[in-house]
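See structure below.
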């Protein structure tokens, strides 16, 4: 991370702006973050932000893009025992959240998604379409997609992130990852597995 | 609803302001709604809003308070067959959301809760503490509260509302209430029922 106040040149400057933008979006959400505010926090001229980024959506996308390839998550989960799909999804998701480099930007996407379309689209495209969707389709009967199961998975994971990190429902901030896997895994298994919820998932 | 532009007196004025505030909070969220903006939309002097309400949190609380007694929901759910607790919770929740008089303010609370403490507190107090909490405790072993199960229920319901109405994960906006009950009911049953998820729930 570039120290605050330093004004490096070229790619360094761009990376520095992205880094500062990530913090600003995470703290204030999409709507309440301005290019001017990011420039100020980064110690650079606003014109420089406009030089590197084609507007706020562009900066947001650059700041929020996760250093994760959805296809890798899908490959890892679908390599698990068919009966462990739910547990594997919950473990992957909670591990991602708990990693400091990802936590802030995931928080910013979720917080912003409630009122701002660029963040909502990012959440839909990443969680529902690129991760939960292919997993659901992998286990769905031939020719079916189980879009409802994929979206229920995305909704559950979003709800847990909100309950654990943002709204802080009483039992969630201090629950261990293992307890959450044990309790949420079967629910996700029901959504992503064969259509009849909680049937034995050994036909994957 | 009072027609826009009319300026009624006394309790009528207060009710009119509350009605307009509900629409404003629902459309813009807590943070981006101002007392001045509400006054403008209601066609009244800002001083009148300040006369009736002790600040924005007070107006928000008045506008968002649901015409629902949590104790009635708890009583109805715990009167269901022990094996139908999950289905009953999901049905109650989706029915509440689908009622026009409640939809807008529930949307406003959820949307605002991501960044604003008054709305977050309202969501915690209503969904987690007043509804899911007592139901979880009712079915928990003697002397236990199952706070994690209650909060997972609140988180799931929040996530589904977001996925169905706000972010619009592909499979949720058009899913029927019956399909959602069938698929989410077992998950909630696992969270609220006895500690071992998806065990036979006949010991309630």
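Among the residues making up the stretch B:151-167, those that are more than 7 Å from every other protein chain (Cβ to nearest Cβ) and either in a loop (DSSP other than H, G, I, E, B) or more than 19 Å from residue A:119 (Cα to Cα) (or both) are B:153, B:157.
Check every one of the helices (runs of 4 or more DSSP H) wholly within the stretch B:80-141 and list those with 3 or more residues that are away from every other protein chain (no Cβ under 12 Å), in contact with a helix residue (DSSP H, G or I) (Cβ under 6 Å, 6 or more places away or on another chain) and touching a residue at least 24 places away in the same chain (Cβ under 8 Å).
Here the list reads B:85-98, B:100-113, B:133-139.
Here residue B:161 meets each of (1) crowded, with 19+ Cβ neighbours inside 10 Å; (2) over 14 Å from the mean Cα position of the chain (by Cα); (3) modelled with pLDDT of 95 or more with one exception, condition (2).
Flag: residue B:187 matches the condition of being buried (at least 20 other Cβ atoms within 10 Å of the Cβ), closer than 17 Å to residue A:90 by Cα and modelled with pLDDT of 95 or more.
The values are calculated or read from the model by the stated rules, or taken from the named source; none is laboratory data. A quick note: this is a predicted structure, and the numbers were derived from the prediction, not measured. Every residue, glycine among them, receives a Cβ derived from its backbone with ideal geometry; neighbour counts consider all protein chains shown.
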